[in-house]
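Following: one structure in structure tokens, then a few remarks.
Computed from the coordinates by the stated procedures, all read-outs in this text should not be read as laboratory data. Nothing here was measured: the structure is a model prediction, and the numbers come from that model. So basically every Cβ, Gly included, is an ideal-geometry build from the backbone, and we count neighbours across all protein chains shown.
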Amino acid sequence: QPIRLADYRPPEWLVDKVDLDFALHPTQARVTARLALRRNPKGTQGAPVILDGDGLTLVRLAIDGAPLAGSSFEAGPDRLTLAHPPADSFTLEIETLVDPTANTQLMGLYRSSGNYCTQCEPEGFRRITYFPDRPDVLAVYTTRIEAEREEAPILLSNGNLVESGPLPGTTRHYAVWQDPWPKPSYLFALVGGKLAKVADRFVTASGREVELGIYVEEGKAERAGYAMDALKRSMRWDETAFGREYDLDVFNIVAVSDFNMGAMENKGLNVFNDKYVLASPQVATDADYSGIEGVIAHEYFHNWTGNRITCRDWFQLCLKEGLTVFRDQEFSSDQRSRPVKRIADVRALKAAQFSEDSGPLAHPVRPQSYREINNFYTATVYEKGAEVVRMLKTLLGEAGFRAGMDLYFQRHDGQAATIEDFAAAFADATGRDLTQFSLWYEQSGTPVVTVKGSYDAEARTYRLDVSQAVPPTPGQPTKAPMVIPLVVGLVGPNGDDLPLTLGNTVVERGVLELTKAEQSFVFTGIDARPVPSLNRGFSAPVNVVSGLTADERVFLAAHDADPFNRFDALQGLALGLLKEGARAGAPVAPEALIGAARNILANTALDPAFKAQALALPGEGEIARELAADVDPDAIYAARKALKSALGNALAGDLAQTYGALVAAGPFTPDAASAGRRSLRNLALDYLAVTASAEGIARAAAQFEQADNMTDRLAALAVLVQHDVPERERALAAFYERFKADALVIDKWFILQAQIAASDTLERVKGLMAHPAFSLGNPNRVRSLVGAFAAGNPTQFNRPDGAGHAFVADVVLTLDPKNPQVASRLLSSFKTWRQLEPVRRASAEAALRRVADTPGLSADVSDIATRALG
Ligand code: ARG
Ligand code: ZN
């Protein structure tokens, strides 16, 4: 019984106003909801009132103040039905009891470190009270919370605080919050607890004064400074980049330590995984700082793309997520280095989304059906969804894109919209037909674009013959051609771009528009044979087959005007060698790559962060995906290690010089330039230790001990743990001793150990599951230990004896009854199992079958198991 997009019907009943009253209690929180219900004039004549629930206990029901007899309604844990509503509009009062302490799913009202908090997206509100829990029912909410003053001195909800105070004669107090903006139930939030507050203020472009608050566990306030700074920069950026201002008097963020995902954009009250709020140089890495900046921005940007304009139904999830990821990527690009940000985003896209798109869990950016919506918060919906918006901008140009966004905001503010609405805004603003472009939302799979270039010296023309094909994916055996904006350049012999002219027209911004299965482009006035630079800036999320020679790639790595393609040229060279090495076990001949890498390293005009990206070899996952079938992760690991050693040895002098030259001049600052220098220096450290030479290990051990910040300390530890040397256990023990009070740092300690490519890692991971710092109840711990093993250690997860697969399946089954979302996420690590060689493939299949055959699975886990096997 999957839910289908094609079956969408408007809600039968609307809710105009919601009054909530919470009496917080650790195990018996009492929720009174007053819903102003109104029959939808666009609904079915005489339709009953059917409200969603999930595990609810009903205490009392009243209509317009009069208690309701048991015979006039039907209430179960998952549904409340009034078969004969008394009128076309009335107030329904519902009292439910919920147990926040027993809520281990972390959906609905739950407790984290003793504090009360909520997570409602996508279907958690129904775990609090009965409600039409769907995003196209928009209401204004007033929330009254009361609690023990001792237990929960801080009481927060959406919107503005309108009233608060003690409850005379009791130990309790209360607060009333009012949110004037109509919203769907998934944006409701409540927080109660003992929290420290970091306060600041922001004045919007039009002069609205906004009180900003970041609430964190007591004692951690000094770690919220960077998040606050990122929030203020986000608020300003949305004004200048998109003309979007904040719309309430308060904006609050709460950091909690038990959270299923990254963060949540509840109106005026964002709730965060504390990993994306807390930072100090001693405990957070550069990657943590940029993660905080990106997620703070992402959730803030949802205020317009998600909250003011929300989704009609969950099939439209990419309407808010793809667009908001695009917006946060653009923000970070403006705050940091645009090319380096693009490279990092594309690396992440390929690792997570391309692999998803090439396996059994592939699905369109806008799925057509689902069994469990929680399983569609995926790299495809988020990251590929962002790429689709980016392509739209590339096709329409800066001004056309902005005009489309402005029209979208103007038309749909206050509405629950669809992808069709979004596309229509751009079509109407620019006069462009986007029908074929919209296939990006419908067709899954990563298109393959094959390009052949030929030069005609006599005619002075250069011709590109381009074909595109989208591979078959589950449920989609055949595909239609897509609109692919392929940004290209023709790089002349001296390294400069040649003019791009088709007939008599100059190709604007280098954008070729592919729309057919096969197309040819003949560029005129080309005086010398160029090297084509294809898909510049990764303008389309496709696999390009270019047939470029090693010499041409070396040339592009040195000269391409497009920094992304300089990076990509080096990656392409490396990938060729790695594939060959993994396939044949053949000795690699990396001279061309070494030369190109040496030039990049020596080029003083290049940003260190860019160099670090260019010199980092493609990951094991990317190599596996390129090989596509009969993958042996051990062979990939060996090939990669061999190539890394070859580079490390050949460039030892340059790398040592780089390492020495990049010593920090002053104390740690998290800015992009300093972070870039650290990333290159730590890359050098890694290469210099790859053969586990005494000198390389000693250098890493010294850095581990002397580092004044977590980035450098952790980078050194990461180098040490990959080698079977005595320094490894010594450093791990020292790290634990030093940071054992800090759960988020111990997560890094778990991750590094889970990712060791050694045959005793599985035993180590099993041992760590019994470590006092580990807890199956905390999603960050599970992801750091078991998730890092399953998704970040291809050789050990895919052990040929099947023990890695069996272990992860066991953890999934143990976790499922407690937290199905985290369990199903973990099971998704099997998403590339079909590409494995037969022995490992059989063991993965057996593990998946064992999971699938277990009775009583959650919808989350059973959906992933079924589709993975499908
Ligand atoms: N809307 C949130 C974000 O992207 C993600 C919340 C997803 N939560 C969930 N339980 N699936 O920022
Ligand atoms: Zn989001």
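Details
- Alpha-carbon centroids, region 710-768 and region 626-655: separation in whole Å: 23
- Taking the fewest neighbouring Cβ atoms within 10 Å as the starting point, the ordered list for THR832, THR204 is THR204, THR832.
- Region 748-870 shape via C-alpha gyration tensor axes, a/c threshold 1.5: oblate
- 0 to 90° range, to nearest 10: angle between helix 710-721 axis and the chain longest Cα axis: 60
- Paramagnetic label zone (point 7 Å from Cα along Cα-to-C-beta, VAL448; backbone N under 13 Å) in region 615-650: 626-629
- Net charge contributed by nearby residues that have their C-beta within less than 12 Å of PHE422 (K/R +1, D/E -1): +1
- Neighbour-count order for SER858, SER113, fewest beta carbons within 10 angstrom listed first: SER113, SER858
- Helix 838-852 axis, angle to the chain major axis (alpha carbon atoms, nearest 10°): 0
- Fully extended contour minus Cα-Cα distance, from THR814 to ALA638, at 0.36 nm per residue: 60.0 nm
- In degrees, nearest ten, helix 672-688 long axis to first principal axis of the chain (Cα): 60
- Selection from GLN119, GLN722, VAL18, by position along the positive dipole direction of the chain (Cβ): GLN722
- The calculated FRET efficiency for the pair ASP433 and LEU502, based on their C-beta separation and a Förster distance of 22 Å, comes to about 0.60.
- Between the C-alpha center of region 448-465 and that of region 562-600 there is a gap of 25 Å.
- Available extension along the chain between THR44 and ASP671 is 220.0 nm, counting 0.36 nm per residue and deducting the alpha carbon span.
- Label-point separation in nm, ARG460 to THR478, each point 7 Å along Cα→Cβ: 4.5
- Positive-pole candidate from GLY576, GLY666, THR814, dipole of the chain, charges at beta carbon: GLY576
- For region 1-135, the dipole from Cβ point charges (+1 on Lys and Arg, -1 on Asp and Glu) about the Cα centre works out to 140 debye, to the nearest 20.
- Note on region 723-789: with charges restricted to the Cβ of Lys and Arg (+1) and Asp and Glu (-1), its dipole about the Cα centre is near 200 debye.
- Between the alpha-carbon centres of region 258-307 and region 389-445 there is a gap of 27 Å.
- Computed E for ASP334/VAL162 - FRET, C-beta separation, R0 51 angstrom, nearest 0.05: 0.90
- Cα centre as origin, Lys/Arg/Asp/Glu Cβ charges: the chain dipole, Debye: 640
- Over the chain: helical MRE at 222 nm, DSSP H runs n ≥ 4 each giving -39500 (n - 2.57), nearest 500: -12000 deg cm²/dmol
- Straightening the chain between ALA584 and GLN1 buys 205.2 nm, computed as 0.36 nm per residue apart minus the Cα-Cα spacing.
- In nm, spacing of pseudo-spin labels at ARG849 and SER775 (7 Å Cα→C-beta vector): 3.8
- Calculated FRET value between THR81 and ALA692, using beta carbons and R₀ = 51 Å, to 0.05: 0.15
- Residues of region 750-779 with amide N under 17 Å of a point placed 7 Å along Cα→Cβ from ASP801: 757-767
- Here's the picture: charge each Lys and Arg Cβ at +1 and each Asp and Glu Cβ at -1 in region 240-364, and of GLY268, ILE343, CYS311 the one pushed furthest to the positive end of that dipole is ILE343.
- Residues in region 162-178 that a label on ARG149 would reach, taking backbone N under 16 Å of a point 7 Å out along Cα→Cβ: 164-176
- Debye intensity ratio I(q)/I(0), log10, region 167-276, q values 0.11, 0.13, 0.21 Å⁻¹ (C-alpha model): -0.40, -0.55, -1.30
- Proxy reagent accessibility, fewest Cβ within 10 Å first, across MET107, MET769: MET769, MET107
- Inter-label distance, nm, simple model (7 Å from Cα along the C-beta direction), SER520/ALA62: 8.1
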